[in-house]
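Peer 1: First, the structure itself, so that you have it in front of you.
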C-alpha cells in the first residue's frame, strides 16, 4: 500500500472533539463520459470502500460508488481522542488499487 503525498488529511481538536478533514486525489470516473478525440467511453474508476481508524480502531467505513465527484472530500467528527493520537484512512477502488494516508491529532 503506497502512501501518496498528494492526498491531504488534517485532524484537529476543536471544542472538545476531533475534526478530521480528508481530500483524496482520485479521478472518480463514472464510465459515462466519452474521450474527446476517439468518442470511446472513459472506463469506470472510482473508490469503492474507505476505512478510517483512530488508534487502530475503525471509526468510519464508507461504501462509495461512481456517483462521487473527482477528488472527493470527506469530513467527520470524533467525540473521543487527544492530541498525538493516530488517524489513518485507507481505501480501495473498483480496479483493486489501494492507498492510504495517516496523521496525528493536533
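Peer 1: Under 11 Å from the mean Cα position of the chain (by Cα) and on the phi > 0 side of the Ramachandran plot: is that true of residue 71 in this structure? Break it down into steps so the answer makes sense when it comes.
Peer 2: Details: under 11 Å from the mean Cα position of the chain (by Cα): yes; on the phi > 0 side of the Ramachandran plot: yes.
So residue 71 fits the description; yes.
Peer 1: Within region 74-106, track down each residue that is over 11 Å from the mean Cα position of the chain (by Cα) and farther than 13 Å from residue 20 by Cα.
Peer 2: Within region 74-106, 84, 94, 95, 96, 97 meet the criteria.
Peer 1: Another one. Report whether or not residue 103 is assigned to a strand (DSSP E or B), touching a strand residue (DSSP E or B) at 6+ places or on another chain (Cβ under 7 Å), modelled with pLDDT of 95 or more and more than 23 Å from residue 13 (Cβ to Cβ).
Peer 2: Values: assigned to a strand (DSSP E or B): yes; touching a strand residue (DSSP E or B) at 6+ places or on another chain (Cβ under 7 Å): yes; modelled with pLDDT of 95 or more: yes; more than 23 Å from residue 13 (Cβ to Cβ): no.
Criteria not met by residue 103.
Peer 1: Go through 17, 10 for me and flag whichever is exposed (fewer than 14 other Cβ atoms within 10 Å of the Cβ) and either touching a strand residue (DSSP E or B) at 6+ places or on another chain (Cβ under 7 Å) or farther than 19 Å from residue 106 by Cα (or both). Before the answer, list the steps.
Peer 2: Details: 10 fails: exposed (fewer than 14 other Cβ atoms within 10 Å of the Cβ).
Residue meeting the stated conditions: 17.
Peer 1: Does region 64-85 hold any residues that are surrounded by fewer than 16 Cβ atoms within 10 Å (Cβ to Cβ), touching a strand residue (DSSP E or B) at 6+ places or on another chain (Cβ under 6 Å) and closer than 24 Å to residue 29 by Cβ, and which are they?
Peer 2: 73, 75
Peer 1: How about region 86-99: which of its residues are over 11 Å from residue 49 (Cβ atoms), touching a residue at least 40 places away in the same chain (Cβ under 8 Å) and surrounded by fewer than 19 Cβ atoms within 10 Å (Cβ to Cβ)?
Peer 2: Correct list: 95 only.
Peer 1: In addition: Yes or no: residue 38 at pLDDT below 95, surrounded by 13 or more Cβ atoms within 10 Å (Cβ to Cβ), over 30 Å from residue 78 (Cβ atoms) and out of contact with any helix residue (DSSP H, G or I) (no Cβ under 6 Å at 6 or more places or on another chain)? It would help to see each step written out before you state the result.
Peer 2: Values: at pLDDT below 95: yes; surrounded by 13 or more Cβ atoms within 10 Å (Cβ to Cβ): no; over 30 Å from residue 78 (Cβ atoms): yes; out of contact with any helix residue (DSSP H, G or I) (no Cβ under 6 Å at 6 or more places or on another chain): yes.
Criteria not met by residue 38.
Peer 1: Evaluate region 72-83: report whether one residue or more is touching a residue at least 12 places away in the same chain (Cβ under 8 Å), assigned to a loop (DSSP other than H, G, I, E, B) and under 18 Å from residue 8 (Cβ atoms). Talk me through it step by step, then tell me what you get.
Peer 2: The first filter runs over region 72-83 and keeps only residues touching a residue at least 12 places away in the same chain (Cβ under 8 Å), leaving 72-83.
The next check asks that each one be assigned to a loop (DSSP other than H, G, I, E, B); those that pass are 72, 79-83.
Checking which are under 18 Å from residue 8 (Cβ atoms) leaves us with 72.
Looking through region 72-83, at least one residue is touching a residue at least 12 places away in the same chain (Cβ under 8 Å), assigned to a loop (DSSP other than H, G, I, E, B) and under 18 Å from residue 8 (Cβ atoms).
The values are calculated or read from the model by the stated rules, or taken from the named source; none is laboratory data. As the structure is a prediction and not an experimental result, all values here were calculated from the model. Cβ coordinates were reconstructed from backbone atoms using ideal geometry, including for glycine residues, and neighbour counts include every protein chain displayed.
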